[in-house]
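Single-structure report; data block below.
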Amino acid sequence: LPLRQWTDPALEVMIPVYIGLLKSVALHVAASPADIFTFLTMEQQFPLFSSTIEVGISPKSDSHARSTCLNLVVAMVRISHDPIRTWISNAQTDVHRLSTFVCTRMMERYNQMAKLLTGPVVDHLRCNALLGQLNDLRHQIEFINQLLSAGIKSFNVQFCELFLRSVVAILLENLAPKKGRQFLAVGVSDVDVIPAPEGLAQLSAVFFVHLWSLSYPPLTRMLAVALFHKKSTKLWKMARYKAIKGEYVITRELNAIVQSKEDGGGFADNPYRRELFNVLSGETGEWRLIPVSMLFEGALASTVLSADVLKGFGLLPNFSVAHSSYPESELEAALSSYLLRQHITKSAAATMALERASGTALTMFARLVSSKDKGAASLLATSPLFQALATAHGRFCDHALTCQKKTGVSDLFVDLTQLSIRSRYPKLLSRDPVSGLPYGCVLDKTCYRSLMVNPEILVRQFRTVGSNDVEDCRFAIEMALQFRATCKIIHDIANHENNSRTTATTAPADFPTIDWADDLLLTIGDLNKKPLKGTDLDLRGRMVFNFHAATTRFETKKLPEKTNSETNRPRTLSDEVVLRPTSQLVLVLDPTDVFVVKPVGRREVNRGTIICGVSLRKVIAFASDQEWLHIAIRNTEDVGFLIKNGNMALHFDTIGTSLIVKQYLERSQSILRSELKDQIEALFKEWFDSPAVVMSSSETNSASSVSCEEVSAAS
């Protein structure tokens, strides 16, 4: 009897046992299909397959029973036994029931997410709920991949047709605006409220981004035709209202579009393609641009879509035809239009949109070079998109230098730049082959794959900091660094070789891109190599002063063992240094750092063991009190008896020595900040010989800088 005819109390007892039986039989079939399959068939029926589908799709089944049965279905369709595969190919009714269930579940999730999306753009509860929905959507697509990877052709064809009618048609219709109403530019300000039409359009773009994860090539190609081909079919609207009669109608229609064979009333211009390019150019705001740029990036990174197909869609420039200049594609024109807009005020949507626009451009250039088109690399420097990236970089540099002169920003400008560099160039597992340091900017860490399950592209969890001069300056600095790294890597990809400071692989699907920090970034970000604790320091030629530590409290915990990097000799700090705070120590003053060392011995006066080191950039203030000198330090850990809660207190022999050390430190800090300002200004003015050629860091010192206005005029 069907499950719907059983009562709920009976099902609670029966279904777990029944599923156990199905699972046991399915495992035996998978282990010995030739021996058991014939025994289980009855009047051209395979009850095990039909019953498993019935239990899996029944509304009476709970989530555990449903997932177990669907996994059993996947296991059965993947059995490599010809009689079983032939039977499944002919089981049209069961395949249709299963396909309908999968598509219905996906659309139910779509409707649930649409309800969550409508409302204020900032809501941590809805953001967390959308995170769970996005993860479940990823699992649903993985289940579809498992079904289609079985390779049963008739099963796959029937599923694709139903998927196009039930899912893709609705996503496409919600992607484009309705007649008489254009989409509003919402989602940028924290006080914005997302209307239902804008929410559905945003959600449709996110769903299409996830659909690039489908591993069945024919379905991926049909999705690309529906989105990017210049022509479209009128059947999408009919499919939404379930007005299509016949089998495999949409599949044949899409094939006719590709073959340029008009049927019936002909094909119309693709409104969904037009809307996507319109959003990519920034016409509907930056919130809408984020998932749409991810959608284009997924198409460019797909291994299923060849370079010729992408050229036909207008996503890559076509170098196969005769040309005297760079053949700009529609994708490049849309991205250039967005990048050449004024981006001054910081917002969460603006930061993410600019990062995604630069990431899409990077993916496009890498795919173009990997296509091996003759003359593509030589003309890449003249690309309007490349020049737009250069112009955007120049504008952000110019805006950062302008903000530096504002009251309240000038004192923080050096610190803002340093923090931005350290944030954009974190410590990596690999190392720069030139400097040997592990600091690099990984531009694909925020690629579309990592953002697929990020609910921030739909509803933000927290409000952003209000716009002010400091935040606008920080935003300009971060974007200047982003576009600097992007242009350097694109230049390296264009040369089709690995630069000494850039690692780039031009595989279209997944190419890691790392811009290693050059000498200028290492200096400004305070990332250069420094002497390690526990190593010996040569004191000759350095400014040194003897002092005693301030505390009188004894420490009982020994410092961990350190390794001398120069001699590879293990060194344990002396117990005398840890347990006797009255021991004689030496303060070493460098132009950029302060070191506390313990003399090696009475005879070794020119050599000492480093106990701790502090950068002058971390010093907040100095205060002298007779023989005492107090140094306030930020973002530092306690170091034995030397630094407690960010305070270092040093006791010198005389008042004069304390004053001399204070004056020297203040002068050194002032000189350091002045030099850093000059280096930061050089960083933001360092760019091109011409707008079309990116200079490497080694070429920067000898090249003349070009102002932002000149770059903009050339673009």
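What the table below lists for this structure:
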read-out	value
Test: LEU175 is within 24 Å of ALA353 (Cα to Cα), surrounded by 22 or more Cβ atoms within 10 Å (Cβ to Cβ), modelled with pLDDT under 95 and touching a helix residue (DSSP H, G or I) at 6+ places or on another chain (Cβ under 7 Å)	yes
Meets criteria (touching a residue at least 40 places away in the same chain (Cβ under 8 Å) and farther than 25 Å from VAL453 by Cα) for PHE101	no
Scope segment 675-694; condition at pLDDT 85 or above and either at positive phi or open to solvent by 60 Å² or more (accessible area, probe 1.4 Å) (or both); matching residues	GLU675, LYS677, ASP678, GLU681, LYS685
Enumeration of residues in segment 424-471 that are in contact with a Lys or Arg (Cβ under 7 Å, 6 or more places away or on another chain), assigned to a loop (DSSP other than H, G, I, E, B) and open to solvent by 40 Å² or more (accessible area, probe 1.4 Å)	VAL434, SER467
Residues (in contact with a Phe, Trp or Tyr (Cβ under 9 Å, 6 or more places away or on another chain), farther than 27 Å from LEU412 by Cα and open to solvent by less than 60 Å² (accessible area, probe 1.4 Å)) located in segment 628-662	PHE641, LEU650, HIS651, PHE652, THR657, SER658
Hits in segment 104-120 (condition: in contact (Cβ under 8 Å) with a residue 40 or more places away in the chain and closer than 17 Å to ILE144 by Cα)	THR104, MET106, MET107, TYR110
Filter result for THR41 (open to solvent by 40 Å² or more (accessible area, probe 1.4 Å) and either of a type outside the set (D, E, K, R) or at pLDDT below 85 (or both))	yes
Hits in segment 294-306 (condition: open to solvent by 20 Å² or more (accessible area, probe 1.4 Å) and of a type in the set (Gly, Ala, Ser))	SER306
Of the criteria (1) at pLDDT 90 or above; (2) open to solvent by 60 Å² or more (accessible area, probe 1.4 Å), which one ARG484 fails	(2)
Residue count for segment 331-361, restricted to those that are closer than 20 Å to SER306 by Cβ and not β-branched (Val, Ile, Thr)	2
ARG395 being at pLDDT 90 or above, surrounded by fewer than 23 Cβ atoms within 10 Å (Cβ to Cβ) and within 28 Å of ASP519 (Cβ to Cβ)	no
Residues located in segment 125-161, provided they are open to solvent by less than 30 Å² (accessible area, probe 1.4 Å) and aliphatic (A, V, I, L, M)	LEU130, LEU134, LEU137, ILE141, ILE144, LEU147, LEU148, ALA150, ILE152
Residue match in segment 602-610 (condition: within 23 Å of LEU416 (Cα to Cα) and of a type in the set (A, V, I, L, M, F, W, C))	no
Condition met for ARG367 (open to solvent by 10 Å² or more (accessible area, probe 1.4 Å), in a loop (DSSP other than H, G, I, E, B) and out of contact with any Lys or Arg (no Cβ under 7 Å at 6 or more places or on another chain))	no
The listed residue being within 30 Å of ASN528 (Cα to Cα) and free of Cβ contacts under 8 Å to residues at least 12 places away in the same chain, out of LEU443, LEU429, LEU389	LEU429
Matching residues in segment 197-225 - criterion: being without any contact (Cβ under 8 Å) to a residue 60 or more places away in the chain and either open to solvent by 30 Å² or more (accessible area, probe 1.4 Å) or farther than 23 Å from ASP136 by Cα (or both)	PRO197, VAL225
Single residue of ILE660, ILE671, ILE631, ILE620 found to be in contact with a helix residue (DSSP H, G or I) (Cβ under 9 Å, 6 or more places away or on another chain) and either part of a loop (DSSP other than H, G, I, E, B) or modelled with pLDDT of 90 or more (or both)	ILE631
Residue within segment 125-148 that is in contact (Cβ under 8 Å) with a residue 24 or more places away in the chain, in a helix (DSSP H, G or I), out of contact with any Phe, Trp or Tyr (no Cβ under 8 Å at 6 or more places or on another chain) and over 21 Å from MET452 (Cα atoms) present	no
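The values are calculated or read from the model by the stated rules, or taken from the named source; none is laboratory data. Since the model is a prediction, treat every value here as computed from it, not as a measurement. Reconstructed Cβ throughout: ideal geometry from the backbone, glycine too, with neighbour counts over all protein chains shown. Side chains included, ligands, DNA and RNA excluded: accessible areas come from the protein's heavy atoms. Shrake-Rupley method; radii C 1.70, N 1.55, O 1.52, S 1.80 Å.
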